[in-house]
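Q: Questions regarding the structure given below will be posed in turn.
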Amino acid sequence: MNTLSFALSSSCTPLRIPHSHPATCASQTCCTRFSVIKAPTKLFRCNPTATLQSIQRELDGHITIADGDWARKLYSKSVSPELIDKIKQSLNVVNGRFFDIPETVDAKSDLYCPLVHILKIIVSTSGNSYSVNHDYSVNRDRVDTREVVDTHGRVLQKWIVDSDFSPDIVIQATGNSFELPRTCYMSPGDDDSVGYTNITTAVDLGLDTETGDEDVDIFEQVYRMAVHAKEMYVQQPNRHFVRVLFMTETRLRLIEFNRGGVITTRFINYHDDPDTLIRLIIGLSSPNEETIGMDITIRWKEENGRKIPDGNAPNGNLGNVVRFSKKVPEFCRILHFLDISEKVGNQIAPPWNLSTF
């Protein structure tokens, strides 16, 4: 009997883990790296089981405040100085600040249009809006997209968190790891075009006058952004990590959620350091799914904008059926060992790096 270890994800029933996904509303057969996972066939909608209070307990003791150099150096190898200079020429930067953002901001609503405009210019000028990738399931090239979307006032479908929070801005995506929201799980008012199933990142906005940089302020923002991260983990089951942004009229905070907990920065003034903002947005909208936190060895076919099992994934034979029933919090480093009756080829378990999951 071979043993395969996974860091499991989810606390709704039936369990969704990083190596499974409901294939269709009627047939919940899921494509994985080594196995086909079959969930119970009865239709269901997850009842939210997580709250802000439970998220706070889950993250207690697992939040690390990183040096600002972490965010400044992130994606530096994949984003060239020449590309950054090209994008800055397209942005309206005057006297060391983004001119589109008003110096005096009375309400968060004053930030929606200018920040969406700036982020759209970065994504489009970088070339991330459209990219051609090879789709092995049908052996042809596929155009994947990235689009900055203003989502304030829209309700993104929740599967696990009992919260009314939805992000102010998202980068919507198409590609192997993304799909349209599942209409059979919809609540009245849920958006059916953009959701946690098809975004690369989430951005929440605030005001300098209402947002501090003390530890208590940082933790409050982390707990709120964890709502988005938790939903992305569950609705994008091949997620290794989630990176999100909190922004004001002058500053940004990068937050990464992984299986070890949370890494967050203190505020970075993006007017003083536009290169970091540009580099982060390019990285968070990357057409390379591995760069944005995905396990790219898990593949699906697409049917009507939604995932179905891909029997022609590069790894070949998908192996035997395995049922998972364990439940653990998303943001903790716990291993459960699951018996698999037959290994696939010569591999028993994939390389696993929990520190970045």
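Q: Could you grab me the full set of residues in the stretch 138-162 that are in a loop (DSSP other than H, G, I, E, B), of a type in the set (S, T, N, Q) and either at negative phi or surrounded by 23 or more Cβ atoms within 10 Å (Cβ to Cβ) (or both)?
A: Thr151, Gln157
Q: Given the condition in a strand (DSSP E or B) and within 24 Å of the chain's Cα centre (by Cα), answer yes or no: does some residue in the stretch 104-127 qualify?
A: No, that holds for no residue.
Q: Oh, and also: Do any helices (runs of 4 or more DSSP H) lying entirely in the stretch 43-99 carry at least 2 residues that are within 22 Å of the chain's Cα centre (by Cα) and of a type in the set (D, E, K, R), and which ones are they? Let's see the steps before the verdict.
A: Numbers: elements: 52-59, 68-73, 81-90.
The helices (runs of 4 or more DSSP H) meeting that bar are 52-59, 68-73.
Q: Now for a separate question. Sort out which residues of the stretch 163-203 are buried (at least 24 other Cβ atoms within 10 Å of the Cβ), within 15 Å of Gly305 (Cβ to Cβ) and β-branched (Val, Ile, Thr), and write them in order of number.
A: Thr197, Ile199
Q: Could you say whether any residue in the stretch 194-204 is farther than 21 Å from Glu147 by Cβ and modelled with pLDDT under 95? Walk me through how you get there before you give the answer.
A: Just the residues of the stretch 194-204 that are farther than 21 Å from Glu147 by Cβ, to begin with: none.
There is no residue in the stretch 194-204 that is farther than 21 Å from Glu147 by Cβ and modelled with pLDDT under 95.
Q: Taking Thr183, is it farther than 14 Å from Val244 by Cβ, among the hydroxyl-bearing types (Ser, Thr, Tyr) and under 14 Å from the mean Cα position of the chain (by Cα)?
A: No.
Q: For the stretch 204-258, what are the residues that are surrounded by fewer than 24 Cβ atoms within 10 Å (Cβ to Cβ) and of a type in the set (Gly, Ala, Ser)?
A: Listed by number, the residues that qualify are Gly206, Gly212.
Q: Something else: Could you tell me whether Ile218 is of a type in the set (Val, Ile, Thr) and either free of Cβ contacts under 8 Å to residues at least 12 places away in the same chain or assigned to a strand (DSSP E or B) (or both)? Step through it out loud before you land on a result.
A: Values: of a type in the set (Val, Ile, Thr): yes; either free of Cβ contacts under 8 Å to residues at least 12 places away in the same chain or assigned to a strand (DSSP E or B) (or both): no.
No.
Q: Could you give every pair whose Cβ atoms fall below 7 Å, whose first residue belongs to the stretch 46-57 and is closer than 15 Å to Ala229 by Cβ and at pLDDT 80 or above, and whose second residue is surrounded by 15 or more Cβ atoms within 10 Å (Cβ to Cβ) and of a type in the set (Ser, Thr, Tyr), counting only separations of at least 6 or pairs across chains?
A: Correct list of pairs: Ala50/Ser11; Leu52/Ser163; Leu52/Tyr223; Ile55/Tyr223; Gln56/Tyr223.
Residue-by-condition table, conditions (1) under 20 Å from His228 (Cβ atoms); (2) free of Cβ contacts under 8 Å to residues at least 60 places away in the same chain:
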position	(1), (2)
Arg253	yes, yes
Asp275	no, no
Ile278	no, no
Ser285	yes, no
Glu289	yes, no
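The values are calculated or read from the model by the stated rules, or taken from the named source; none is laboratory data. Because the structure is predicted, anything quoted here is derived from the model rather than measured. Glycine also receives a Cβ, built like all others from the backbone with ideal geometry; neighbour counts cover every protein chain displayed.
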